[in-house]
Structures are given as structure tokens and as C-alpha cells.
């Protein structure tokens, strides 16, 4: 791993601790602020809504302002966390979550753009897996931290403690900027990303082959929709209302998911580098469909097992980007990454928002739809890969 990738991973870890802690305090927020389910859905969904709205402007902004984005992202995240902690009511909670979403969009899209621009093509899936690994360790750290704090501690105090690592992300930025290479030309970038002795054209899809970009967008959006529904609504509210779990119990369910995710991330990245994302991604989607159904409809032991399966499937969170990279010219990476993130962050917004609108009584509808859609997308990916002859092409 290069020093640049390592610094990006460390920054992402620090940025994600508060996000990992937030779902565990969601039932406490609902009780203390007397929020209805639809209000709770808006509070949880505001994070993804801000990311979704910001993604396309960010794709344009990052083309010429990558260094500024790496500075601004952690600062906005910290301000958003303080707004949530000091929330006087529904409106301030929503504002804080909007700012947190905007800050994370800046940080994540900037980090992904750096990796997609400067990481060698032969190790792209592994670099993306390492980046995702740092995010999941941050999420796990946030869930573990919130789970170890005393239950008597007010939720906003506990969340403030979880926001502490954000200061480390801000402190890392100067070192990160000094490690960032100068902006290369499109031609030199593309030549450098090609494996030694391999023509650059092999990094793009075969002539006449069908583009995987639409299915990459669909897969990314569905994974995000399913994940946000599980994390921001189904697990916290089923855990607290149906199974009687306290804050620590809800946090443990997330820790199960994150431990399995972390354990599988690097192996999944290596497997995708060797076998190709077109072979690995359909299996990931099918595994997520199974885990999602277990979490949405099972008893508590089944939910725990579903969290484990879901964690394994989340190790392929970044695989659609490898398909996207294969069909994208280097000079268009920032723009297309921003467009892809619209699909992803649209799913992150719609999951908890629609769950809140439906309420717990109709809460099973969305998990059922997303489970079916994941399985269908996996089958379409397999069909498209076989028809275009890409099953033998790596990445």
C-alpha cells in the first residue's frame, strides 16, 4: 500500500467513527425528541439526501479543486456532528445530518477520485478494498465505542465522544496534501495505469462489447438502498422495539456485520483482481439478498446470522466501481464517479426515508423489494458478462 493510500485510509477511518455510532443512538434520539417514524426517517435520510444532491456538483468541482475538497470535507463533517450533538429539536437534527452528509460526500468522492486517478490498474480492486476496509473499521470503532459507554450517559454526550476522532481527520489533511501527486495529463495517467507490458486498451471493454456502466450504477444504488434501510431503520428499530435491545445490544448487531465485512474485504479485493469483478459481484449481490431477507423477517438469532451474511456481502461494496473504471476514460473519472455516487447516495437517502414513511407496520415491504431487485441484478450481470465475453476479463 502506498503512503498516499494509507493516509486516505486513515482519514476515512477517522471520518467514519461518528457514522458508525449514529444508528445505535437513533432510538434514543426518537425518544428524547419525541419524533414520529416519518420524522425519524427524515433525520436518518437527510445524510444520504445531502450526499445525493451534492454528488454531481462535486464531480465537477473535484475536476479542478481536489485539494480543496480534501480540506473542506472533514471540517464540514465536524460542524455537522456538533449540530447533531447540540440539537434543540427536529430541525437542528436534520441540519446536522445534512452537513454530515455533505462533508462525507466531499471526503469520500475526493478519496475515490485520488485512488482511481493515481492507483495502478493491476491493483485497483485491492486499493478500493483497503479504502473500504478503513471505512468499515471506522464504523466498527464507532459502534464499539458507543456500545461500551454507560447506558445512563445522555445520547448527545455519547455521540460527542464518538465525534472526537474527526479531529484526527482534520489534522491529517496537511500530510495528505503533501503526498498528493501533481495532476497528470490524461495521456500520461492512462499510460501509467496500464500494467507493465500491457496495452492501455486492455483496461477498457472489448470493442463491440456491451457496457457494464448501467448495471454498475444499478448495483451500487441497490447495495446502498439495502444497506441504509438495514442500518438506519430496520436493525435499530426492530432491535429496540421487537427484541427489547438497549443501545449496547443494537451496537453489537452492527459489530457482527462490520467484523465479517472487515474480515472479507481484502480477500474479496484480491479475488476480484484475479478473477474479475464480473465474476465476483453477482455472488456478492446474491449473498446480500439472503442476508437482507434474514434481517428483515427473521427472529433474533436469524437476524444475527443475517448480519454476518450481510457483512460478508458488504465486502464487495466497491466492486461496481471497478466495472465503472473499465469503461471510463481517465479524464472523465471525477465526473462519472460523482454521477455514480448520485445512485449510491440516492439509495442511502431513500432507504431510511421510505422506511420512515411506511412505518414499522409496513416496514417489510422495502426489504422484500430490495431483496428481489438484488437477485435480479445479479442475474442480469451474469447474463451481460457471458453475452459480451467479459467473464474472462479481469476487473
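What follows draws every value from the coordinates through simple rules; no lab data is involved. Note that this is a predicted model, so its numbers are computed, not measured. Neighbour counts run over all protein chains shown; Cβ positions are idealised from the backbone, glycine included.
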Quiz item: What spacing in nm lies between the two simple spin-label points modelled at residue 3 and residue 56, each 7 Å away from Cα in the Cβ direction?
Solution: 4.0
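For a quick check: sort 302, 17 by the number of other beta carbons within 10 angstrom, fewest at the front. Mind dumping the intermediate values first?
Values: 302 13, 17 28.
The order, fewest Cβ neighbours first, is 302, 17.
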Exercise. Going by C-beta contacts inside 10 Å, put 326, 51 in order with the fewest on the left.
Key: 326, 51
Quiz item: So how far apart, in nm, are the two label points at residue 275 and residue 36 if each is 7 Å from Cα heading toward Cβ?
Solution: 4.8
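Provide the gained length on full extension for the span residue 387 to residue 161, in nm with one decimal, where the gain is 0.36 nm per separating residue minus the Cα-Cα distance. Please report the intermediate quantities before stating the final value.
Details: separation 226, 0.36 × 226 = 81.36 nm, distance 5.21 nm.
Result: 76.1 nm gained on full extension.
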Self-check item: Angle in degrees between helix 166-179 and the longest Cα principal axis of the chain, rounded to the nearest 10
Solution: 10
Quiz item: What Rg and what Dmax come out for the stretch 260-346 when only alpha-carbon atoms are used, in angstroms?
Solution: 14.9, 49
Quiz item: Taking N as the number of residues in the chain, what value does Rg over Cα atoms divided by 2.2 N^0.38 Å take?
Solution: 0.94
Quiz prompt | Principal axis box of the stretch 7-128, alpha-carbon based, largest edge first, Å | solution = 51, 26, 22
Quiz item: Expressed as a rounded percentage, what relative contact order does the stretch 1-157 have, with Cα pairs under 8 Å and six or more residues apart?
Solution: 41
Quiz prompt | Angle in degrees between helix 365-388 and the longest Cα principal axis of the chain, rounded to the nearest 10 | solution = 10
Quiz item: How far, in nm, would the chain grow between residue 180 and residue 372 when pulled straight, counting 0.36 nm per residue and subtracting the alpha carbon separation?
Solution: 64.9 nm
Practice problem: Could I have the simple spin-label model distance between residue 361 and residue 153, label points 7 Å from Cα toward Cβ, reported in nm to one decimal? | Solution: 3.8
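Among 5, 148, what is the fewest-to-most ranking by other Cβ atoms within 10 Å? Spell out each step's value before the answer.
Values: 5 22, 148 10.
Starting with the residue having the fewest Cβ neighbours, the order is 148, 5.
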Quiz prompt | Cα centroid separation, the stretch 127-146 to the stretch 275-313 (Å) | solution = 18
